[in-house]
Every structure is written in structure tokens, then in C-alpha cells.
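The values are calculated or read from the model by the stated rules, or taken from the named source; none is laboratory data. Everything numeric in this text was worked out from a predicted model, so none of it was measured. In this analysis, Cβ positions are derived from the backbone assuming ideal geometry, glycine residues included, and neighbour counts consider all displayed protein chains. With ligands, DNA and RNA removed, areas are computed over all heavy atoms of the protein, side chains included. Shrake-Rupley method; radii C 1.70, N 1.55, O 1.52, S 1.80 Å.
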Amino acid sequence: MRRRLIAVLVGVVVLVLAVQDLPLVGHLRVVERDRLVTRLERDAFILAGRVEEDLESGTVAENAVLLGLVERYEVSEDVSVVVTDTQALAVLGPDFDTGEDFSNRPEILEALAGRPETGERDSVTLGGRLFYVAVPVLSGDAVVGAVRITAPTSRVDEEVADRLWGLGLVVAISVAIAAFAALVMAWTVTRPLARLSESAARLAGGSLTERAPEGEGPSEVRSLARRFNLMAEQIELLVARQRAFAGTASHQLRTPLTALRIRLESLAASSEGAAADPEIAEHIDEAIAETDRLHRMIEGLLSLTRAEEAGLAPVTVDLAVVAAERVDYWAPLAEERGVELRLSIEGSAIALAVAGSIEQMIDNLIDNALDVAPAGSELLVEVANARDRIELRIIDEGPGLSEADREMAFDRFWRAPGATPGGSGLGLAIVRQLAESAGGTARLDAASTGGVAAVVVLRRP
Ligand SMILES: Nc1ncnc2c1ncn2[C@@H]1O[C@H](COP(=O)(O)OP(=O)(O)OP(=O)(O)O)[C@@H](O)[C@H]1O
Ligand SMILES: [Mg+2]
């Protein structure tokens, strides 16, 4: 963005200068030529005034002052001067012989006819192109001679080249100023914008406490930063409120639920209640099972809220150690169901995880797998070390899930039709929330065994 801005600004300046200056170069040559010719004409008339008397008296050649004057003028102006009499024969001219015939020069003939003449032509004597100015020397109305001044046309080219150098310098300075201005603009505008964009990315990434610097850049950017911060504050507040509500609601539900369970239990134990009628006893048992389910659901919701709040403070955990410990814990239940619970670890596997979350994730995943694993099948708990991450895989030989269901299983309260009764549908949602809170991911894959491979990927510290 910064480089593009500089390129655009410099490009625009170069374009404007080109559009403005290119026609100027052509125009410059015309102007310089006119200037030179006008000056030569003026000088020729002045010289004509000075030689008039000497021409009349035929004493031009003797006038040493006049000769000196012309010689100095020729050197200082880089021109060539000749004065002729009415016969077009040279009487004064440091570059020519006295008496040299100029009657074959049309401009001299014009001047002797009383008409000043200026122009440009090729010269055999001087070589190359030249400008000429020829004026008559007048005494009253009579023409007594002619003065001609010539200058090489390269004089004009030199003048134009000088001007072009000046113009080039102006162009270079303008481009440099434009580049500098672009650099300053880029610095003051794009830098704070880039910071703002980084803040927005961090906020989007879940860092709700992220705020943009408000005092940088032009006022529009500062006002944008202020509005961004207001928005971030609102989002943080809303999320906090929502979490607080879910947490409090779940918490508040626990007490009446426990009370309800105690009442149901005492009803089941009392002689007038359950003992009297087996049908009533069955109803009461079902009601107790429902309160247990409700209880698990509330615990699950509380875990989810806690996992969301745990936010961005993961700790380092050895996944291999925790996996081994949880496999020991689940072994008796697996055995009871006739499932072979197997552990595969390769040394230590240090990962970043929310404190206490690995146990919770492994428990949820083994619980799910044991629900579907048929007797005689194998249930593998595997911890694998990759270069930049640690993978936990729990692979069962159960019926598996379709691809769509494997993603849907992470939705809160989703349970596959015909799933073992008693679950709340929150286990996988909790697993994913805990994994993501530590910068990891959780997914269900189709296992080669036909069952499901639940995969949790965590970052290395
Ligand atoms: N390994 C698996 N094989 C087949 N289906 C599975 C497996 N794991 C999960 N599921 C399906 O995904 C659903 C959602 O799982 P989840 O763990 O979120 O909830 P749950 O086990 O039903 O309840 P909870 O874990 O809250 O007690 C399950 O009901 C089940 O239908
Ligand atoms: Mg579950």
C-alpha cells in the first residue's frame, strides 16, 4: 500500500510535468531564436548609426576606434560582422578582406535596397547554418552601405540546452518533493491504518480486550480508531453479560435440582410411595434418571462457560502423562463392557492447553467412544508428536458417523438419532471450546476401523 501510494504520486507528478514541459521545449527554441535575432538587429542598427559618417567620407578603414569596437563585439557575442559600401564591397569586417565582394549575398542586396533583412541559411564560408541580420546604413534617405551580423544557429541550440538543464533540475526537484510528500503521507496515514487493521484482526481472533491506539495519524483515522474501540468495548460487554447469564443460570438451577432429586429418592424409599406400587416405583426411577440427565446438562453448560472464560491463558501440559492416567481411570469400565482400551504414546508430548482441560477432553471422548464401542472391539487412545503440534486421537470400532453428522456432533445439544439415552449433547461442544481456547482444534474423522477417530490438535509451546 505504502509503495503503491509513492509510485502513484511520483507517476502523477512526472505525467503533469511531461504534459506541461514537452511542448515547452519546442516553444523554447522559437523564443530563443527570436530573442537572438532581435538583439542582432538592434546591434546592427546601432553599428549602422556609428559607421554612417565614415562610410560617407570613405574613412571607415582608417577608423581604428571603430575596428576595435567591432572586434570586441564579435568576441563577446560570438558573431561575425561585415560593413559594405553601396557596391557591396567589404569596408569593415575582422573576418573578411577589405574589398571582398558581397554582391552574391541576397541579404546584403536587400539591405542596400533599403530593406532590413533577417533569416537563416547555410553558409559556405562559415560552414553550417547561420542566422543573419542585414540592415541599410542610411544618411538621410540615401543608402550609403550595409551592415550584416551573422551568428551560427548552434548559438540557439546552446541557449536551449542551457534552459533545458534548468528545466530538468526543476523536474528532478519536483519528483523528489512528490516522493518525499508521498513518503510522509504513507507514514502518517497507512501506518496507523495498518495498526488498526492488526487490532481488528486480533479482536476477530477472540482477543476481546484488544484496543487500537487512538492518537495516531490524521483526524479521520483517529476517529476511526475511537469508533473501533467503542465497538470493541460494546462487544466485550455483551459477551461478558451473556457469559455471566449462562453461568448464573446454570448455577442457580443446581440447588432446586438437587432438592428435587432428594425428594424423589425419599419418595422411592418411603413405604406409601414406591414400595406400594411397582408401576409408581418405575416412574420415580425414570424421574430420578431425568434429573440426573438435567444435572449433567447443567454441569456441561457450566463447563462451557468456564472454558469460554478461560480465554487466552494456556499452560504447558504433558499430554502423554494425562492420557496414561485417564486410560487407567477408564480401564475398569472398558473391561466391564468387553472393550480393550489401548494406549499409544511416544515419550513426552508437551502441549499448550487450558489448565485442567486435557482430562476433561479425554474423558468426554472416551465416554462417547465407550457408548458406541461393541464388546470385543478395541478402543485406541493415541498421542502423536508432530513438528509443530501435538495430536490426541481416540479411535473406536463403533458404527461411525456420516460426514455431515461428524461436524454436526459439535453443535450444542446435538445427538445422533438413536444415541444411547442419558447424554446431554454437550460433550463435543465442550471439547472443541477447550481446544480452541488454547489455540487448537477438535474434529471427528472417519476411522479406517469403520468407527470414529476423534482428533484434538494442540499447539506446542
Ligand atoms: N465416537 C462416536 N461414534 C459415534 N457417534 C458419536 C461418537 N462420538 C459422538 N457421537 C455422536 O455425537 C453426539 C454428540 O456427542 P456429545 O459428546 O456432544 O454429546 P453426548 O455424548 O450425547 O452427551 P454428553 O457427552 O454431553 O453426555 C452423540 O450423542 C453421538 O450421537
Ligand atoms: Mg459425550
Among the residues of the range 406-419, which ones are surrounded by 15 or more Cβ atoms within 10 Å (Cβ to Cβ) and either out of contact with any Gly (no Cβ under 9 Å at 6 or more places or on another chain) or outside the structural domain of A353 (by TED's automatic domain parsing) (or both)? M408, F410, A416
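For the range 378-404, which residues satisfy the criterion of being in a loop (DSSP other than H, G, I, E, B), within 14 Å of ligand 2 (Cβ to nearest atom) and open to solvent by less than 30 Å² (accessible area, probe 1.4 Å)?
D396, G398
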Checking the conditions here, which among A409, A438 is within 12 Å of ligand 2 (Cβ to nearest atom), small (G, A, S) and under 46 Å from the mean Cα position of the chain (by Cα)? A409
So F180 passes all but one of these: (1) touching a residue at least 40 places away in the same chain (Cβ under 8 Å); (2) more than 19 Å from R105 (Cβ to Cβ); (3) under 60 Å from the mean Cα position of the chain (by Cα). Which condition number does it fail? (1)
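Under the condition of being assigned to a loop (DSSP other than H, G, I, E, B) and either buried (at least 17 other Cβ atoms within 10 Å of the Cβ) or of a type in the set (K, R) (or both), which residue from the range 67-95 is farthest from the chain's Cα centre (by Cα)?
So in the range 67-95, the residues assigned to a loop (DSSP other than H, G, I, E, B) come out as 78-79, 85-88, 93-95.
Then drop every residue that is not either buried (at least 17 other Cβ atoms within 10 Å of the Cβ) or of a type in the set (K, R) (or both), which leaves 79, 85, 88, 93.
On the way: V79: 62, D85: 80, A88: 79, G93: 73 Å.
Looking at residues that are assigned to a loop (DSSP other than H, G, I, E, B) and either buried (at least 17 other Cβ atoms within 10 Å of the Cβ) or of a type in the set (K, R) (or both), I get D85.
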Is the range 119-127 home to any residue that is among the hydroxyl-bearing types (S, T, Y) and at pLDDT below 90? yes
If you take the residues in the range 420-441 that are away from ligand 1 (no atom under 11 Å from the Cβ) and in a loop (DSSP other than H, G, I, E, B), which one is surrounded by the fewest Cβ atoms within 10 Å (Cβ to Cβ)? G439
Output for the range 283-321, where each listed residue is modelled with pLDDT of 95 or more and either in the same structural domain as T258 (by TED's automatic domain parsing) or assigned to a helix (DSSP H, G or I) (or both): L319, A320, V321
Out of (1) modelled with pLDDT under 95; (2) among the acidic types (D, E); (3) part of a strand (DSSP E or B), the one E407 does not meet is (3)
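Going by what's in this entry, would V13 be described as at pLDDT 85 or above and in a helix (DSSP H, G or I)?
Numbers: at pLDDT 85 or above: no; in a helix (DSSP H, G or I): yes.
No; evaluated as a whole, the condition is false for this residue.
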Residue hits (the range 20-57; aliphatic (A, V, I, L, M), closer than 22 Å to D157 by Cα and either open to solvent by 40 Å² or more (accessible area, probe 1.4 Å) or outside any helix (DSSP H, G or I) (or both)) are L22, L24, V25, V30, V31
Pull up the range 366-377, narrow it to residues that are open to solvent by 10 Å² or more (accessible area, probe 1.4 Å) and among the hydrophobic types (A, V, I, L, M, F, W, C), then point me to the one that is nearest to ligand 2 (Cβ to nearest atom). V372
Of the residues that sit in the range 329-379 and are of a type in the set (D, E, K, R) and more than 11 Å from ligand 1 (Cβ to nearest atom), which one is farthest from L426 (Cα to Cα)? E346
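One line per residue, one yes/no per condition, for (1) farther than 20 Å from D328 by Cα; (2) within 47 Å of the chain's Cα centre (by Cα):
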{"residue": "A373", "(1), (2)": "no, no"}
{"residue": "R393", "(1), (2)": "no, yes"}
{"residue": "P417", "(1), (2)": "yes, no"}
{"residue": "V452", "(1), (2)": "yes, yes"}
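Give the residue that is most open to solvent (accessible area, probe 1.4 Å), with candidates limited to residues of the range 442-461 that are more than 12 Å from ligand 1 (Cβ to nearest atom) and hydrophobic (A, V, I, L, M, F, W, C). Spell out the reasoning first.
Quick first cut of the range 442-461, residues more than 12 Å from ligand 1 (Cβ to nearest atom) only: 448, 456-461.
From what's left, hydrophobic (A, V, I, L, M, F, W, C): 456-458.
Working: V456: 3, V457: 21, L458: 5 Å².
Among residues in the range 442-461 that are more than 12 Å from ligand 1 (Cβ to nearest atom) and hydrophobic (A, V, I, L, M, F, W, C), the one most open to solvent (accessible area, probe 1.4 Å) is V457.
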Out of the residues in the range 340-358 that are assigned to a strand (DSSP E or B) and either touching a residue at least 60 places away in the same chain (Cβ under 8 Å) or not assigned by TED's automatic domain parsing to the domain that holds A384 (or both), which is surrounded by the most Cβ atoms within 10 Å (Cβ to Cβ)? A353
